[in-house]
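Colleague: Questions regarding the structure given below will be posed in turn.
Quick note: the coordinates plus some simple rules give every number you see, no bench work behind them. Keep in mind that this is a model prediction, so the values were computed, not measured. All Cβ positions, glycine included, derive from the backbone under ideal geometry; neighbour counts span all protein chains shown.
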Amino acid sequence: MKRLASLLVSMTAAAAAAAQHIPEECLRACDSLGEGCRQALVVLAGEGCDCDIFFMRRDGQWRCMSQVRGATGRSGVIDARLKREGDGATPAGVYPLRRGLWREADVGTLFPMEIYDERYLWVDDPESEMYNTLLRDAGDQWSGRGERLSQVGEPYRYIVVVEYNTDPVAGGAGSAIFVHAWRDEGRPTAGCVAMPADDMRRLVEWLDPSLRPHIVITRYDDNVKTYNHVQ
């Protein structure tokens, strides 16, 4: 608890000088969230795969705790209704952050994180009845299509799952949308949101399930109020 409190203080101090420069689009995104949500990760996409990521906290009013550079999918951010498996796009929208995965429990956090190993696989086969779900015991006999988390390497040291297309699941509408560390600075993803490794670690430390954290993925020129909100 002391470590988390110290982290919040340092993030607040780092952001205080720039607080007045929070983009209007970021505040609008936060205002679109329900009253129960007091913690938000706001992703504002610009040209190509570049984006700005804001760690936002509400205590009466929304405040920016930290701002970092990030990257989205190679095809940019698109309307979630157009998202398809393998298109390289990041789905715009508002989604809960409820769970995460990591290689080992090496930081303090209140966020529910599950250690994964070589048996863990995220199914990305649109024809599978297990599409966009996590298999925890996909041994060598598994013949279906999927992403073995342990084979991705350092970008998946920490994974925060974006609850996109998870309940209910629509076949072929996109799978395995995560927040994770980027492999190289500014390198686009296959559809996830990526950020520097140190900031990804801070995100895992910072997230607090009691604050009902959500992620808002949008573009600077979008109207977030048109999205289907998942509260």
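Colleague: Report ³J(HN,Hα) in whole Hz for each residue of the range 215-222, in order, from the Karplus equation J = 6.51 cos²θ - 1.76 cosθ + 1.60 where θ = phi - 60°; Gly and Pro get x.
Modeller: For the range 215-222, the Karplus curve yields 10, 10, 10, 8, 10, 4, 9, 9 Hz.
Colleague: On to the next question. Could you pull out every whole DSSP H run in the chain that spans at least 18 Å of Cα extent along its own axis and averages -0.5 or higher on the Kyte-Doolittle scale?
Modeller: Numbers: long enough: 2-16 (21 Å, 1.05).
Length and hydropathy pass: 2-16.
Colleague: Using only Cα atoms, what Kirkwood radius does the chain have, in angstroms? Each step should come with its number before you reach the end.
Modeller: Numbers: mean 1/r = 0.0562 Å⁻¹.
That comes to 17.8 Å for the chain.
Colleague: Amide H of Phe178: which non-local residues (sequence gap of 5 or more, or other chain) have their own amide H closer than 5 Å, using H built in the peptide plane?
Modeller: Hits under the 5 Å cutoff: Val162, Cys192, Val193.
Colleague: Starting at the first residue of the range 39-48, write each ³J(HN,Hα) from the Karplus equation 6.51 cos²θ - 1.76 cosθ + 1.60 with θ = phi - 60°, in whole Hz, x for Gly and Pro.
Modeller: 9, 9, 10, 9, 10, 10, 8, x, 7, x
Colleague: A follow-up question, please. What does the charge count around Arg201 come to, taking other residues whose C-beta lies under 11 Å from its C-beta (Lys +1, Arg +1, Asp -1, Glu -1)?
Modeller: Numbers: positive: Arg157, Arg202; negative: Asp106, Asp198, Asp199, Glu205.
Value of the local net charge: -2.
Colleague: Could you give me the ³J(HN,Hα) list for the range 52-68, computed from phi with Karplus coefficients 6.51, -1.76, 1.60 and θ = phi - 60°, whole Hz, x at Gly and Pro?
Modeller: Values, residue by residue: 10, 10, 10, 8, 10, 9, 10, 10, x, 10, 6, 10, 8, 8, 6, 9, 9 Hz.
Colleague: List Thr166, Thr72, Thr109 from most exposed to least, where exposure is judged by having the fewest other Cβ atoms within 10 Å. Can you show the working numbers first?
Modeller: Working: Thr166 18, Thr72 29, Thr109 21.
The most exposed by this proxy come first: Thr166, Thr109, Thr72.
Colleague: Another question, then. List the trypsin sites (Lys or Arg not before Pro) within the range 134-167 that fall in a DSSP loop (any state other than H, G, I, E or B) and whose Cβ has at most 16 other Cβ atoms within 10 Å. It would help to have the intermediate numbers written out before the result.
Modeller: Values: sites: Arg136, Arg145, Arg148, Arg157; in loops: Arg136, Arg145, Arg157.
In loop regions of the range 134-167 (DSSP not H, G, I, E or B), the sparsely surrounded trypsin sites (Lys or Arg not before Pro) are Arg136, Arg145.
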